[in-house]
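The numbers here are math on the coordinates, done by the rules we state, and not lab data. Remember, it's a predicted structure, so these values are computed and weren't measured experimentally. Using ideal geometry, Cβ is built from the backbone for each residue, glycine included, and neighbour counts are taken over all protein chains shown.
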Amino acid sequence: MPETQTAAKAPVTIKKYANRRLYNTATSSYVTLDHLCRMVKEDQDFVVYDAKTGEDITRSVLTQIIVEEEGKNGQNLLPISFLRQLIGFYGDSLGGLVPRYLEYSMQTFAKNEEQMRDYMRNAIGGSLFPFNAFEEMTKQNKAFVESAFKMFSSFFPPAGAEAAAKPADKASESPGPGAA
């Protein structure tokens, strides 16, 4: 069987040592977070293990890469409001749905990525307003996100809905200031 038809290649193993150095076992060389970032962008799969404990720490290393990328060149992909919302979901009953929802959203965005690039190429070549198609796609994505959140919010009362109702009820029950 030709090599291209064999099972998917196993991910590259990276070991992280106590001195915070990362070692690529495939190339027998030390690497940096920037190198791992390039590997992600080149669609090279890897896993990172703590060299001492053997624990899979891939998630925390990928998070480190994101934090470093957010600090570079003023390019921030994660708006503060998004980060606040994400933090709010930790420990929430919907927290278990967030990873799947975000993964699905990113897959959808990736599918539309080439289409958006084509829109931009065509628009820049023939128009002074290249963002019309991009704006339309953004509206569609926003509608998708809003409908998903509406679907989830039907299971839970809005935050503060009960608290807002209680003071109004108490106000109607109390005789008011100065009454004994």
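Counting beta carbons within 10 Å around each of PHE144, PHE89, PHE46 and listing the fewest first gives the order PHE144, PHE89, PHE46. With both residues required to sit in the stretch 10-71, DSSP beta bridges show an antiparallel share near 60%.
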